[in-house]
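Have a look at the structure below, then the notes.
The values are calculated or read from the model by the stated rules, or taken from the named source; none is laboratory data. Because the structure is a prediction, the values reported are computed rather than measured. Backbone-built Cβ (ideal geometry, glycine too); neighbour counts: all protein chains shown. Side chains are part of the model used for accessible areas, which takes the heavy atoms of the whole protein and leaves out ligands, DNA and RNA. Shrake-Rupley method; radii C 1.70, N 1.55, O 1.52, S 1.80 Å.
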Amino acid sequence: MNKQAQKPANAAELGSTLDPITAEVVRCAFDNIADEMAVVLLRTSGSPVLTEAKDFSAVIFDVAGRQIGSAGYVLGHLASSRIAIQKIIEKRLPDDLEPGDIFICNDPYTVGALHQGDVGVVMPIHQDEKLIGWTFTNAHLIDVGGVSISGIAPQAHDCFEEAIRFPGSRAGQNGVLNREWIGFIEANVRVPVSFINDVRSLIAACHAGALRMRTLVEEYGAETLNQYIDYNIGLSERAFRERIAQLPDGTAHTYDCVEYDGRGTAELYGLSCDMIIEGDQLRFKFEGVKQIDAFINATPSAVAGIGVITPIICQLAFDIPFNEGIWNCIEIDTGPEGTIVNPQIPAPVTNAHMETGARVGRMVNEALSIACSVSDSQDIRARAAGQTTNSGAGAAWFGVKDDGALAIIFPLDNLVAIGGGAQTTGDGQDLYGFQTTLAVSFPDVEVHELVDPFFVLWRRYSQNSGGAGYYRGGMGMDQAYMLWKADNFSGSGFLAAVELPARGFSGGFPGGASRSAVIRNSDVLKKLSNGESVSSPEKITGELDVLGAKISNVPLRESDVYWATSSGSGGLGDPFHRAPEHVEQDLQDGKITRESAEQQYGAVVDLANGKFTIDAEATWDNRDKMRGNLVKTKQHSLKASAATN
């Protein structure tokens, strides 16, 4: 394979006149501006979803709406921010824009939000009345109206039920929110104070970004700064085209299904991906079944952001500075209108990002692994990986505390504490999160119990959730909690990978699935009052109520225990090649059970004085025997072949 990457014209034309060191200083300055915007968000918001979980983003654009700087918290917002800016430019320029205008964007259909729960703020940057750029901030707000809390509506049949939608609405002027708009919010969301405060935090972050952008223009001059923007975009594009050119031309085809049981019947909805490599360009063609009247349909930014740009950044462009140049190398075709990958109004979409969007990401993850694995470059072949699960076990609760105050509980714990795919350099990262949520985390137990009316009984790895392989997939989490000084809450659940976990690659096994249940009428409070420890379901007496994956109006009483396990990711390579000492360590750490060690890894296990050990020599012999029983042709010794890997 000997392909030649094209050289972007702007980089070639400007390369001889601009200083590359200054270019890098300018590039870093834009990212630093976005990082400072993120700091403002963290310091001004009081919502744990922002301050602890960090489910937000900040992005800087030039005057033409090209991405030039970002804070890497949620990669999916790179697509939603880009669409929002483009739509505001189309709608407002040249005659309907003033300095300090505030535009609210959370409508997936008109301004590209991932889903309605992600509320974005777009503000222009002016200097001496001249437009010089744009700021974008975005955060998941815990309530945006509609039939369900948390911005995710499992029971909705159309987008009109789901939530309030803002199609780039002007919510303020001169940098201040409009009083009429505030009154509208107060009348339409359950927790208006939290909502409005978080929007003000988003605005404050935009103000901070605008201030730094104006300083940068003053330092370099608008014309010179724009030249460096062109140059840096060209550099990233050229680097990524050279990377793509190291993949063989052709088509990698993958498939997946989206799970939905919210209408009482467990169903699977198929979709497929063709990743077409042509020289130094990547084309993605997606197809899916007809859109359905449930919240799984993918928004444009869910496909482009969660599905495409996220795995590209993580697997293929991980060391290339991100800006508009990366987008220039990618084409996305979502096929005919009216499918789950290209839905039309009134299809509901509040879980677009974690359902179809996430499954698109798994398909692209696998397509990239297929292409990388046959590259002539060893460095590129090393980017093959087990599928990242991208499938959480989410829940949200609403009710009145014992002191009479309203409370919304939206724990991101099992939602983001999911495994990462196995890599060629080692096991997948445990509790990795969605691939798109690079910096999103889940709060410490103490923070949860300080802020929310519940307490955690246990939190640990979900055993056997990481797919077996030469390198194991990352682990999910097993957690249980109860209400505290509260009773009679109602909630919803939105789990994925209940039926179809992440696949392994090159002989690796699939990861573990998600599940959730409520242990009703438990004796936990009685045991705790007696000083007894309650650290596992085996220690609880009660009635086990296994919940559906997509479910609404779930009652949770003071005596009930909510228990969920989140999914793990796929393994990489043959589990029979995994070093026995690594299997032994996983066994001793409680990450796998004895049955898994023996059946999936072929280990010979001994238990003495309460400690598991593995006989390495006996394990290699046992693996040869087990493989011989499965494959009736003559085989080489597994120990000898593993030693050459």
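Under the definition of Cα pairs under 8 Å and six or more residues apart, what whole-number percent is the relative contact order of the chain? All intermediate terms of the calculation are to be shown ahead of the outcome.
Working: 1701 pairs, mean separation 77.7, N = 645.
Once normalised by length, the contact order is 12 percent.
Ignoring everything except DSSP H segments at least 4 long, calculate the 222 nm mean residue ellipticity for the chain; use -39,500 (n - 2.57) per segment, divide by total residues, nearest 500.
Values: 19 runs with 198 residues, N = 645.
The per-residue figure over the chain is -9000 deg cm²/dmol.
Write down the Å³ per residue value for the convex hull defined by the alpha carbon atoms of the stretch 151-309. All intermediate terms of the calculation are to be shown ahead of the outcome.
Numbers: hull volume 26.2 nm³, N = 159.
Convex hull volume per residue, Cα atoms: 165 Å³.
What is the magnitude of the charge dipole of the stretch 23-69 about its Cα centre, with +1 placed on the Cβ of each Lys and Arg, -1 on the Cβ of each Asp and Glu, and no other charges, expressed in debye to the nearest 20? Show your work: numbers first, answer last.
Working: 4 positive and 7 negative charges, 15 e Å.
Here the size comes out at about 80 debye.
Give a residue-ordered list of calculated ³J(HN,Hα) values for the stretch 245-255 (Karplus: 6.51 cos²θ - 1.76 cosθ + 1.60, θ = phi - 60°; whole Hz; x for Gly, Pro).
Whole-Hz 3J(HN,Hα) from phi for the stretch 245-255: 5, 7, 8, x, 4, x, 10, 9, 10, 9, 8.
In the stretch 325-377, with Lys and Arg counted as +1 and Asp and Glu as -1 at Cβ, which of these residues, CYS372, ILE332, VAL349, has the Cα nearest the positive end of the dipole, that is, farthest along it?
The residue sitting most towards the positive pole is VAL349.
Between the stretch 108-158 and the stretch 478-512, what is the separation of their alpha carbon centroids in Å?
Spelled out, the Cα-based centre of one part sits 27 Å from the other.
Give me, ordered by chain and number, the residues 5 or more places off GLY394 or on other chains with an amide H under 5 Å from its own placed amide H.
Sorted by chain and number, the residues that satisfy this are PHE494, LEU495, ALA496.
Roughly speaking, what is the stretch gain from VAL39 to ASP249, that is 0.36 nm per residue apart minus the C-alpha to C-alpha distance, in nm to one decimal?
Extra length available between VAL39 and ASP249 comes to 71.3 nm.
Measuring from the lowest to the highest alpha carbon on each principal axis, how far does the stretch 60-208 reach, largest first, in angstroms?
The Cα atoms of the stretch 60-208 stretch 47, 31, 26 Å along the principal axes, largest first.
Among ILE229, ILE592, ILE312, flag the residue with its Cα farthest along the positive direction of the charge dipole of the chain, charges on Cβ as +1 for Lys/Arg and -1 for Asp/Glu.
ILE592
Equivalent-ellipsoid semi-axes (√(5λ), Cα gyration tensor) for the stretch 475-554, whole Å, largest first?
30, 17, 10
Taking the Cα atoms of the stretch 462-619, report the difference between the largest and smallest coordinate on each principal axis, in whole Å and largest first.
55, 38, 20
At 1.4 Å probe size, what's the solvent-accessible area of LYS527? Round to the nearest 10 Å².
Accessible area of LYS527: about 40 Å².
Give me the dipole magnitude in Debye, nearest 20, for the stretch 364-465 about the Cα centre, with unit charges on the beta carbon: positive for Lys and Arg, negative for Asp and Glu.
Roughly 300 debye, rounded to the nearest 20.
If you take the C-alpha gyration tensor of the stretch 255-383, multiply each eigenvalue by 5 and take the square root, what semi-axes do you get, largest first, in whole Å?
28, 15, 12
What's the FRET efficiency of THR613 with ALA382 using the Cβ-Cβ distance as r and R₀ = 30 Å, to the nearest 0.05?
0.40
For the stretch 130-234, what ratio Rg/Rh do Cα atoms give with a Kirkwood hydrodynamic radius? Write down the numbers at each step before the final one.
Numbers: Rg = 18.2 Å, Rh = 16.4 Å.
Here the Rg-to-Rh quotient is 1.11.
Farthest toward the dipole's positive end in the chain, which of LEU525, ASN629, LEU415, given Cβ charges of +1 (Lys, Arg) and -1 (Asp, Glu) about the Cα centre?
Result: ASN629.
Tell me which residues come under 5 Å, amide H to amide H, from PHE166 once H is placed; ignore anything under 5 positions away on its chain.
The answer is ASN106, ASP107.
Using modelled backbone amide H atoms (1.01 Å from N, in-plane), which distant-in-sequence or interchain residues come within less than 5 Å of ILE332's amide H?
PHE284
Just the accessible area per residue of the chain, please: how many Å² with a 1.4 Å probe?
Ligands and nucleic acids excluded, the result is 38 Å² per residue.
Can you list the HN-Hα couplings for the stretch 420-434, worked out from phi with the Karplus curve (6.51, -1.76, 1.60; θ = phi - 60°), rounded to whole Hz and with x for Gly and Pro?
Each residue's phi maps through the Karplus curve to give x, x, 5, 10, 6, 9, x, 5, x, 6, 6, 6, 5, x, 4 Hz.
Between the stretch 406-460 and the stretch 585-634, how far is it from one alpha carbon centroid to the other, in angstrom?
31 Å
Return an integer: the convex hull volume of the alpha-carbon atoms of the chain, in Å³ per residue.
166 Å³
Carbon-plus-sulfur fraction of the accessible area of the chain, 1.4 Å probe, in percent?
50 percent
Given charges of +1 on the Cβ of Lys and Arg and -1 on the Cβ of Asp and Glu, with all other atoms neutral, how large is the dipole of the stretch 533-609 about its Cα centre, in debye to the nearest 20?
For this selection, approximately 260 debye.
Count the DSSP beta bridges whose two residues both fall in the chain, then state the antiparallel fraction as a percent rounded to the nearest 5.
Numbers: 94 of 99 bridges.
Around 95 percent antiparallel, to the nearest 5.
Once the piece of chain linking PHE455 and ASP621 is laid out straight, how much longer is it, given 0.36 nm per residue of separation minus the C-alpha distance between them? All intermediate terms of the calculation are to be shown ahead of the outcome.
Details: separation 166, 0.36 × 166 = 59.76 nm, distance 4.80 nm.
Going from the current span to full extension adds 55.0 nm.
Please report the Cα spread of the stretch 380-426 along all three principal axes, rounded to whole Å, starting with the longest.
Taking max minus min along each principal axis of the Cα atoms, the stretch 380-426 gives 59, 14, 12 Å.
Can you pull the accessible area of ASP158 for me, 1.4 Å probe, Å² to the nearest 10?
40 Å²
For an R0 of 45 angstrom, estimate the FRET efficiency from the Cβ-Cβ distance between ALA405 and VAL176 and round to the nearest 0.05.
The value I calculate is 0.95.
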